[in-house]
Amino acid sequence: MKRKIIYIISFIVLLTVIIIMILPKREIVSVSLVSDTATITYTDPESLRIIGDAIRTVKKVPGAVDVGPPSYRMTVTYDDSEAVQYSVYMDFETKNGFLIKDSDSERMLDLRVKNSAELADLLAK
């Protein structure tokens with residue numbers, strides 16, 4: 001029985017390693033930051049690595065976000081030509097900031113609209 005469990009676990013680990021090796025890793029090819037006054041585009045490997053690390057290691061923070069306009073609008077373009085939009089909020093005094101992926105923001109707004117309609121129906125009853 002123990003031998004069977006070891007074989008199953010070994011198979012799962014091997015399969016996981018193979019899948020990770022086969023899946024292509026998307027590389028960032030450019031990042032554009034747009035503010036009210038300027039546009040900056042990064043294409044150098046060091047800047048792209050720093051921004052990629054920031055995107056991959058971002059910590060999710062629970063709770064509601066109530067913020068004003070973003071410091072920057074960021075477009076990350078990958079080697080497969082996919083472009084992902086972010087809103088970047090920066091506090092330059094504390095050197096802290098956060099990202100909101102636009103697709104996540106749009107889904108949250110859709111949810112809010114849906115819940116508003118349901119709430120209006122409940123209040124009407």
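Bear in mind these aren't lab numbers, they're just calculated from the coordinates by the rules spelled out. On a predicted model such as this, the values are computed, not experimentally measured, just so you know. Quick reminder, even Gly has a Cβ in these numbers, built from the backbone with ideal geometry, and neighbours come from all protein chains shown.
May I ask you to compute the full-extension gain from ASP102 to THR57, defined as 0.36 nm times their residue separation minus their alpha-carbon distance, rounded to one decimal in nm?
Value of the extension gain: 14.4 nm.
Packing-wise, with mean Cβ within 10 Å as the measure, how do 30-37, 5-12 rank, highest first?
30-37, 5-12
For VAL29, what residues show an amide H to amide H distance below 5 Å, using hydrogens built from the backbone and excluding near sequence neighbours?
Correct list: THR77, TYR78, ASP79.
Quote the Stokes-Einstein diffusion coefficient, in whole µm² s⁻¹, for the range 1-61, based on the Kirkwood radius over alpha carbon pairs, a temperature of 4 °C and a viscosity of 1.567 mPa s.
D = 84 µm²/s.
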